[in-house]
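Every read-out reported here was derived from the displayed coordinates using simple, explicitly stated rules and does not represent laboratory data. All of these numbers come straight from a predicted model, not from anything done at the bench. Counting neighbours? That spans all protein chains shown, and the Cβs are built from the backbone with ideal geometry, glycine included.
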Amino acid sequence: MTNSISSKIEEANEEAVKRILSAECNLVDIESAGKIIPGFKSDLFTHAGPPIEWERMCHTQKYAITNLIMYEGLADTPEKAARLAETGEVTIEPNHNYDAVSGMCGATSASLPVLVVKNPVHGNTSYCLQQTSLTAFGNKYETIDELDFVRNTLAPVLKATIKEAGGINLKEILATGIQMGDELHGKLDGTRCVFVSGLLPHIVKTDFDKDTLAQVGEYFNTHQGRWYGGNLMMASCKAMMDPAKNIKYSTIVSAMSRNGVDFGIQVSGLGNEWFTGPAGTIIGYTFPGYRQEDSTLDLGDSAISETRGFGGLAAPAAPGHARFIGRDFEDAIERTKQMYEITQTEDSLFQIPYLDFIGVPVGIDIRKVVETGILPIINTGMAHKDGGHPMIGGGRADAPMECFKGALVAFAEKYT
């Protein structure tokens, strides 16, 4: 590339990371997707990852979507639900098409509650489903009790609490969480605790009875409730990354996501086009009774965490979780140090205590990834490849080089 174009790229990349770093993320509401997300219809079902045809979709993600087709009352058996998806009688699209994200399978439907996060600095809004075992991991349809609870109890209580609080600054909560041992993807215990403690003065002012509030409190101690910080993180990262999209000449990655078949990235200067490669095998640890080979390939919108510089890019922030990234803590440190070679800058608000408080790496540059051969490291959970199970473990997966090379070729064709 000529010096003139290189100068334009550097200027555009500086603007992209400036927007990312200056973005705010305020939780302002919880409302059903069909009521709050523009264009979200009753026959629309969205999923994690880049676009994919029903025939190519992994079994677990299909399982989650057919669960929701039944939950929305459009079919009474999995076979009928699958038929609606196969024939196109219901619409199936990526969450990202609707400024939304969700973990693992990421299945979302019109009646389900989503977190509404606004970025007042740039005027954009993002959404994230309050995920459950049924929507995230394709658990059995019979396990709809959690989904009913989230929809009918948890969401109304939190909606009233957020209103009472006048909104909640999630960026401050995430910044505190990383100082408490969270890397803000696989481990979010500190983030959840700060969020819940911040709710207390406001939740008691709502009109819900003690038994209902006790159920909400108990939920935050369940497995899914303990990862509630993940919902906050995903919506926040989406709100912070979207302002970096559509900057002419920018080579900064604005989104990364996976659907269990393909890993996809979007690049600022290339708009909403997805560039894909094969989803990676997850290397990690499984819960008793499961094996690593039982897992799907890498899956979920939660790689928006790494897109922002968290998760695998900031692994040493969570020493107890770092073994998922490397052989040991020192290996995890070395891997994170490599991430600064493929990014534009660091973020002084989100500091890694165990790396002498250096800021997390921000602004993955497709040029640097291809030039160095260093790939972003993605933290991830494991969903069973056959569906019908809750989370079976966790680990890491590398992003595929194919999507970065494809994006760089497209960038060169467009700008040179």
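As a check on your grasp of the helix formula, calculate [θ] at 222 nm for the chain: sum -39500 (n - 2.57) over DSSP H runs of n ≥ 4, divide by the residue count, round to the nearest 500.
Rounded to the nearest 500, the figure is -11000 deg cm²/dmol.
Using Cβ counts within 10 Å as a stand-in for footprinting exposure, how do Ser268, Ser236 rank, fewest first?
Arranged by neighbour count, lowest to highest, Ser268, Ser236 become Ser268, Ser236.
Antiparallel as a % of all DSSP beta bridges within the stretch 24-236, to the nearest 5?
Here the share of antiparallel DSSP bridges comes out near 75 percent.
Divide, for the stretch 24-236, the radius of gyration over alpha carbons by 2.2 N^0.38 Å, where N is the residue count.
With N residues counted in the stretch 24-236, Rg over 2.2 N^0.38 Å equals 1.00.
Two-decimal Rg/Rh of the stretch 246-415 from alpha-carbon positions, Kirkwood Rh?
That ratio equals 0.98.
Along the stretch 374-380, what does the Karplus equation 6.51 cos²θ - 1.76 cosθ + 1.60 (θ = phi - 60°) give for ³J(HN,Hα), rounded to whole Hz, x for Gly and Pro?
Karplus-based 3J(HN,Hα) across the stretch 374-380 equals 8, 9, x, 8, 10, 6, 7 Hz.
Over the chain, what is the mean sequence separation of C-alpha contacts under 8 Å (at least six apart), divided by residue count, expressed as relative contact order in percent?
Computed over the chain, the figure is 20 percent.
Kindly point out which whole DSSP H helices in the chain project their C-alpha atoms 30 angstrom or further along the helix axis while averaging a Kyte-Doolittle hydropathy of 1.6 or above.
Result, helices passing both filters: zero.
Let me know the Rg and Dmax you get for the stretch 229-344 when you use only its Cα atoms, in Å.
Rg, Dmax (Cα atoms, Å): 15.2, 50.
Over the stretch 24-236, calculate the relative contact order: mean separation of alpha carbon pairs under 8 Å at least 6 apart, over the residue count, as a percent.
Relative contact order comes out at 26 percent.
Tell me whether the stretch 341-416 comes out rounded, prolate or oblate; compute the Cα gyration tensor, take square roots of the eigenvalues as a ≥ b ≥ c, and use a/c under 1.5 as the rounded threshold.
The shape class here is oblate.
Calculate the radius of gyration of the Cα atoms of the chain to one decimal place, then report Dmax, the largest Cα-Cα distance, as a whole number, both in Å.
That works out to 20.1, 67 Å for Rg and Dmax.
Cβ under 10 Å from Glu24's Cβ, Glu24 left aside: what net charge do those residues give with Lys, Arg +1 and Asp, Glu -1?
+1
Among the lysines, select those whose C-alpha is under 18 Å from the C-alpha of Lys187, and discard any that sit fewer than 8 residues away in the same chain.
List returned: Lys171.
At a 10 angstrom cut-off on C-beta neighbours, averaged per residue, how do the peptides 26-32, 54-60, 294-300, 77-83 rank from highest to lowest?
With the highest mean Cβ count within 10 Å placed first, the list reads 294-300, 26-32, 54-60, 77-83.
Quick check on my link table: of Lys41/Lys385; Lys163/Lys205; Lys205/Lys238, which ones sit more than 20 Å apart, alpha carbon to alpha carbon?
Check vs 20 Å cut-off fails for Lys41/Lys385; Lys205/Lys238.
Would you please name the GluC sites (Glu not before Pro) within the stretch 271-324 that are DSSP coil residues with at most 15 other C-beta atoms within 10 Å of their C-beta?
Within the stretch 271-324, the qualifying GluC sites (Glu not before Pro) (loop, at most 15 other Cβ atoms within 10 Å) are Glu273.
I want the antiparallel fraction of DSSP beta bridges within the chain, as a percent rounded to 5.
So the antiparallel bridges in the chain amount to around 90 percent.
Considering the alpha-carbon set of the stretch 82-153 alone, what are its Rg and its Dmax in angstrom?
Computed over the Cα atoms of the stretch 82-153, radius of gyration and Dmax are 13.8, 44 Å.
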